[in-house]
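Worksheet for the structure shown next.
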Amino acid sequence: MIRFPHALAVLLAMVGPVGLTVSFEAFAETSTEANATSSIQSQEARAFLVRYCQDCHADGEREGGFDLESLSMDITDEATFARWTRVLDRVQLGEMPPPDADTIAPDELRSFVTQVQPVLANHHQSAKGTTLRRLNRNEYQNTLNDLFGTNLDLRSTLPEEGRSHEFENIGDALGMSMVHLQKYLDAADATIDAAISPWESKPPQQTITASYAQTREGERFIGELWKKLGDDAVVFFQNFGYPTGMLRETSVSIPGRYRIRITGYAYQSDEPITFRVGGTSFVRGSDKPTYGYAQLPPGDPTQVDVTVVEMTADIAERMMLTIDPWGLYPVDYNIRTEGVDGYTGPGLAIRKVELIGPIIEEFPSRGQRLLWDEFDVTALPKRRSNSDTQYQVTADDPLAAMTRTLLRLGRLALRRPVTPAELKPYLELFERERLSKLKQIDAPEKSADVDLQSAIKTSVTALLCSPDFLYLVEPPGKLSDHALAARLSYFLTRSSPDQWLRESANAGLLTDDPGTLLSQTQRLLRDHRAERFINDFTDAWLNLREIDFTSPDQKLFPEFDKYLRDSMIRETRQYVSRMIDENLPVSMLVDSDFAMLNERLARHYGIDGVEGPEIRPVALPPGHIRGGLLTQASVLKVSANGTNTSPVVRGVYVMERILGQRPQPPPPGIPGVEPDIRGASTLRQLLDQHRDMDSCRSCHRQIDPPGFALECFNPIGGYRDRFRSLGVGESVRDEINGRRVRYKLGPAVDASGELADGRQFDDFQAFRELLLANPDVLARAMLTKLATFATGREMGFSDRETLDQLVIKTRGGGMTDLIEAVVLSDLFQFK
């Protein structure tokens, strides 16, 4: 790979400052205007607070951590703005002053709201368009891979993004540093290298055929069984016998997309056997991806006909396949001493494994066509038989060829029409790099024999690290057609606009015709790339990205396995996807008459009649405890710590992510509540003492009830009526996966509670009914999450009225209606 040690300095000196100045100029004036009317001048408002709040929040009293005396009138400070917003909300909702204090007269309340609300709204309205939004790691990776037809993992090479609450695509949290820029240069360089290697002909597909019977482990650990079967099959017996499903002979030398074919059958079994197909490597610390789960039915080794299962997967270089059966557990039989011949239990027989690929869907590739169409590319003779092919790139008029190339690339990369004048810095960079190469080889300036690869890559890399590429340039006000196309595309496909969206933007239809914008939205929701939207949105909104942040204690939860973990994620993503595909009502976020299950989830949830690894909708009987997001194992796992559950943590999770209510952080100096690791008392009992503190009571009245309702679910999403413990408790005589359990049963679960408004519930189902009683709350929360993710900014004070209108507009509608309403709103179409 050609390296450019000088490229960073050249880029910063020529392209970066110019682009940044142009991009940010429009925002400087707006920021100045935002500060003009950003203080609450009304003395009446101040007097109102003194009259009704001073007893509890002044003169040395700071209940709930709120100090009235330190409350500034200048709301340009974010913390002060947030405090004033909190004051207004609590007064309007009637939460303050408390019931035992003086009642606010209606006229006084209206006067206070009239004086404070417009100031907060105007300040937020003027300030919310002042931040440019950078492409985050996922968006940058998707954009480059889509642009050049590559399939590289760039995300892991880029710095971790800052978060604004749940989301990683919020402009205010997406900073830029020299480290970022250097990593972007490296990523762009790697993408170009992967995209532009010209091939004289389409690479042939190869078929790798491998068998466990041909490995040294096959005969060593299975003995003569595979010979006895007479069909070259090797049988897997979980936890004994064959030690690993790794198959060295399937190591991939050319990364890419492969078709995987596995031939085999369920041995000595009347039921199909499920197995995992994954990847592994000898590189320490490397990922071990899961490519999929499949099933093989019972078979007769004497028959030629056995089942072949197929799947496709993206396989990295030097990655080997591994096959791991599920559901086969040890029995009272020592296979190592007694041998396999006398074993009558089930096994998974694998005859052979085939890898076919890499599958080339485009030839020449997008990257080749994009960068080399204007140049002549010649393969050079190999110096050694095992060396890579080298190429020479030339052109009769290099500058003219590069101009045409950058115009074509610029329209796609910058997501709008471009002119030669805009591309001048990149053309000058190309010329300087080309001329420097000419001087190095002492060639005449007009020579057509000089290799242009270095100059082309330097110029293209600079374009892919320019502010106009790295940022979504959206000046304040109504978005242009191309800015709107980019915003819509990054919302629903997490990448730059495709051809059909660009054509609508070029024709000016997105801003002039709401019908066109709506039809494009509907088209993108059906696009295969919409899976990225589902993944990224659920990762952030429901925090699924932290599914592996904690590892369940295997002594407490021995039933947790990789199959369950993988199924958890797929359940939630496919559930949200089905809600969008079928425009299901927003109430189904909380309750539904179906669940998305496979055999592993069904076993975990105690639901009969579900076989196989495929996730599909399964009808639930009326009143079943499952249904909706809150009963899904992934949600219950990411809101627990792997050992125990906390009503506070789960309560905050439900409030923020399902109800759209952000509770206040605990006051300074207030200690948290730690669980009793002995299992002698529940966290609920400890919280009862915690809530007796005046500074904690008001917030915990809101936070704790949702957490209490979810106490009937353990940290991996299983239902429970008693807590598990490794300390005190009742011994359990049970086996899981063929092993005696080591946990004990502790105190009984109490899932009852009382909401802040006084409504009570006895169990989770009753709590769920209370949530369903006000679907507008669920709809507003969902609209807020969608709008935040779509626009790349947090919804704030001035957005409240629009969100309220969207709730009314979509009342009775489904998830697709909510997405369409967000796209057609001013929230989406204006910066």
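The values are calculated or read from the model by the stated rules, or taken from the named source; none is laboratory data. Just so it is clear, the structure is predicted and the values come from calculations on it, not from any experiment. Note that each Cβ is placed from the backbone with ideal geometry, even for glycine, and that neighbours are counted across all protein chains shown. Just so you know, the surface numbers come from the protein's heavy atoms only, side chains and all, with ligands and any DNA or RNA stripped out. Shrake-Rupley method; radii C 1.70, N 1.55, O 1.52, S 1.80 Å.
Within the range 242-275, the set of residues being within 34 Å of the chain's Cα centre (by Cα), crowded, with 16+ Cβ neighbours inside 10 Å and assigned to a loop (DSSP other than H, G, I, E, B) comprises GLY245, SER251, VAL252, PRO255, PRO272.
Of the residues making up the range 709-753, those that are under 32 Å from the mean Cα position of the chain (by Cα), touching a residue at least 40 places away in the same chain (Cβ under 8 Å) and open to solvent by less than 30 Å² (accessible area, probe 1.4 Å) are ALA709, LEU710, GLU711, CYS712, PHE713, ASN714, PRO715, ILE716, GLY717, GLY718, ALA751. For the range 550-586, the tally of residues that are open to solvent by 10 Å² or more (accessible area, probe 1.4 Å) and part of a helix (DSSP H, G or I) stands at 12. Considering (1) closer than 24 Å to ARG90 by Cβ; (2) surrounded by fewer than 16 Cβ atoms within 10 Å (Cβ to Cβ); (3) at pLDDT 95 or above, say which one GLY758 fails and leave the rest. The number of the failed condition is (3). Annotation: ARG351 fulfils all but one of (1) part of a loop (DSSP other than H, G, I, E, B); (2) at pLDDT 85 or above; (3) of a type in the set (D, E, K, R); (4) in contact with a Ser or Thr (Cβ under 7 Å, 6 or more places away or on another chain); the unmet one is (1). Among the residues of the range 724-735, those that are closer than 11 Å to LYS555 by Cβ and part of a strand (DSSP E or B) comprise ARG724, SER725. Restricting attention to the range 152-162, the residues being assigned to a loop (DSSP other than H, G, I, E, B) and more than 14 Å from ARG134 (Cβ to Cβ) number 3.
Considering (1) at pLDDT below 95; (2) in a strand (DSSP E or B), the lone condition that GLY642 does not fulfil carries the number (2). Looking at the range 761-781 only, could you name the residues that are open to solvent by less than 10 Å² (accessible area, probe 1.4 Å) and either outside any helix (DSSP H, G or I) or closer than 15 Å to HIS165 by Cα (or both)? Hits for the range 761-781 are PHE761, ALA781. Among the residues of the range 157-164, is there at least one that is of a type in the set (D, E, K, R) and open to solvent by less than 40 Å² (accessible area, probe 1.4 Å)? Checked the range 157-164: at least one residue is of a type in the set (D, E, K, R) and open to solvent by less than 40 Å² (accessible area, probe 1.4 Å). Residues in the range 342-384 that are under 32 Å from the mean Cα position of the chain (by Cα) and of a type in the set (Ser, Thr, Tyr): SER365 alone. For the range 372-431, residues that are hydroxyl-bearing (Ser, Thr, Tyr), in a helix (DSSP H, G or I) and open to solvent by 30 Å² or more (accessible area, probe 1.4 Å) total 1. Counting only residues that are outside any helix (DSSP H, G or I) and surrounded by 15 or more Cβ atoms within 10 Å (Cβ to Cβ), the range 518-549 holds 5 of them.
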